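The values are calculated or read from the model by the stated rules, or taken from the named source; none is laboratory data. Since the structure is predicted, the reported quantities are computational estimates derived from the model, not experimental observations. All Cβ positions, glycine included, derive from the backbone under ideal geometry; neighbour counts span all protein chains shown. To get the accessible areas, we keep the full protein, side chains included, count just its heavy atoms, and leave off ligands, DNA and RNA. Shrake-Rupley method; radii C 1.70, N 1.55, O 1.52, S 1.80 Å.
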Amino acid sequence: MHLGPNRARRKPSLTPMIDVVFLLLVFFMLAARFGMDVEIDLPLTAASEKPYQGPPRLVDIAPDTVRLNGAATPMDALLADLGTMMLSHDDAIILRARDGAQLQRVVSVMERLTDAGYETLVLVE
């Protein structure tokens, strides 16, 4: 017994599924945060309430070295040497990028100093 004409099965169209996947991709790309914003507090020297005191604390940041008052110093020794020059942890430390040091290098040194407890970092040109 034959019930009807023999019809070939239709393959489902993938176009609607591709459209849905594309829309989901666009939605998640627009909703995602690709980077975290970081804020670095840099006080102005002219706005300081108390005058600069103590020995000079000038840190020159080069691409591969750090110099404290002109003398090349390893990063761990820099933290110890600064400790002997500071009257308190909120005394100003002047930072200066030299010899084409990249911003990431300057920020890394600033983070190390901040993690060591030094609060007032002043960035000069």
For Phe34, Phe22, give the ranking by accessible area with the largest first, probe 1.4 Å. Phe34, Phe22
Taking the Cα of Gln104, stepping 7 Å toward and past its beta carbon, and measuring to each backbone N in segment 55-95: which are under 14 Å? 63-64
Gain in span if fully extended, Ser13 to Leu87, counting 0.36 nm per residue against the direct Cα distance: 19.1 nm
